[in-house]
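The block underneath contains the structure these notes are about, expressed in structure tokens.
The values are calculated or read from the model by the stated rules, or taken from the named source; none is laboratory data. Please read all numbers here as calculations on a predicted model, not as lab measurements. Heads up, the Cβs are rebuilt from the backbone with ideal geometry, glycines too, and the neighbour counts pull from every protein chain shown.
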Amino acid sequence: MHADLPHPGLPTLAGAGIRVVSIPHSDPYVDAVVPPGAIRIGDAAEPSPWLDVAHLAAAADEVDVVHLHAGCGRLATAELVTWTEELQRLGVPLVVTVHQLRDAGEAAPGRHDAHLAAVLATAEVVLTLTPGAADVILDRYGRTSIVVAHPSIAAADPGLGAERGLVGVCVGPASSAVPDPAGLVRAALSGAVSGGGRLRILVDEAAVPALDPVVAAMADDGRIELVRYRADGWAAALQQLHVAVLPERCGTHSRDVEICRDVGTRVVAPSCGWFADQWSEVVPYANDEHGGLDPVSLTAAIGAALARPMPRPADPAWRAQQRAAVQGVHAEVYAQVAADRSWA
């Protein structure tokens with residue numbers, strides 16, 4: 001179901017004073033959706049101590065709601081089932097937001113799927129970010145989801161310009177999500193050049209030593225530009241682009257789509273997820289775990305994206321209103337499950 005977003009002027013009244021454990025305790029998305037007035041329990045320790053059954057049992061009286069976003073991947077499926085059973089025994093309601101239907105770090109989807117099945121079987125409320133993901137959750141797990149928009153997590157730097165025709169893609173060493181970085185870079189380069197632009201490869205500083213040697217050689221001979229970035233400079237790195245390419249062949253939603261919307265960068269995204277449900281400015285290309293990368297599709301998508309003007313950064317006032325509405329949904333959910341607990 002789609003959430004009926006409340007009036008933005010009344011985002012937090014229902015959830016005021018409710019004690020919430022978020023897992024993880026803090027990240028840009030979690031910080032954006034927790035309603036003001038809710039009392040955040042815990043600290044930034046990782047892994048979250050609230051995933052430990054003994055800690056949960058000892059501190060259950062300190063919390064009204066547990067909201068799981070991510071971070072349970074270190075647990076075996078049996079351990080996660082025990083954790084959900086302990087929550088039920090203690091009467092602590094569980095809220096789950098499904099961000100990803102597939103863990104891009106896993107070579108096979110089975111473990112993540114089992115984890116989702118475990119938590120969704122006992123969750124009081126399930127949320128997700130797009131209608132497409134909600135349909136899959138209903139079909140696969142039999143659970144109806146509240147669909148809430150992904151709120152703003154970045155802001156455009158008014159002093160930073162973008163280069164028309166500049167295409168950027170973030171790659172590192174080969175992985176299950178990007179098994180052939182060199183092939184992807186070649187296709188992206190073809191699209192950038194045919195569209196009258198150029199290609200910039202963005203590489204996390206820590207990943208530079210493990211960069212695919214073919215990609216490194218392309219940078220050495222001047223065919224592509226190689227730019228190192230740090231996590232705190234990621235939004236600025238995206239803002240400088242005309243087009244950002246998402247390279248992973250598995251995924252459901254993307255934080256980078258939202259950053260690009262906020263800073264005014266068009267997105268070329270793989271067919272594996274629901275990225276176009278997040279933002280209408282997304283240009284899709286064929287890349288998923290079943291068919292793999294279609295390089296011709298990527299080349300064409302980049303050319304089509306470059307032919308369009310650079311989008312304007314999202315209106316901050318509208319994004320603030322959207323964020324307040326999303327917080328309002330969370331406030332209503334927390335208030336409802338906490339009230340159900342008090343009557344149990």
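Observations on the structure shown:
- Glu332 vs. criteria in the same structural domain as Gly191 (by TED's automatic domain parsing) and of a type in the set (Asp, Glu): no
- Residue within the stretch 181-190 that is buried (at least 16 other Cβ atoms within 10 Å of the Cβ), part of a strand (DSSP E or B), assigned by TED's automatic domain parsing to the domain that holds Gly273 and at pLDDT 95 or above present: no
- Filtering the stretch 150-180 to residues that are part of a strand (DSSP E or B) and either within 18 Å of the chain's Cα centre (by Cα) or surrounded by fewer than 15 Cβ atoms within 10 Å (Cβ to Cβ) (or both) leaves Val169, Cys170.
- Every listed requirement among (1) outside the structural domain of Thr97 (by TED's automatic domain parsing); (2) touching a residue at least 12 places away in the same chain (Cβ under 8 Å); (3) more than 23 Å from Glu248 (Cβ to Cβ) is met by Val282 save one, (3).
- Residue, farthest from Gly132 (Cα to Cα), within the stretch 85-96, restricted to residues that are free of Cβ contacts under 8 Å to residues at least 40 places away in the same chain and crowded, with 18+ Cβ neighbours inside 10 Å: Leu87
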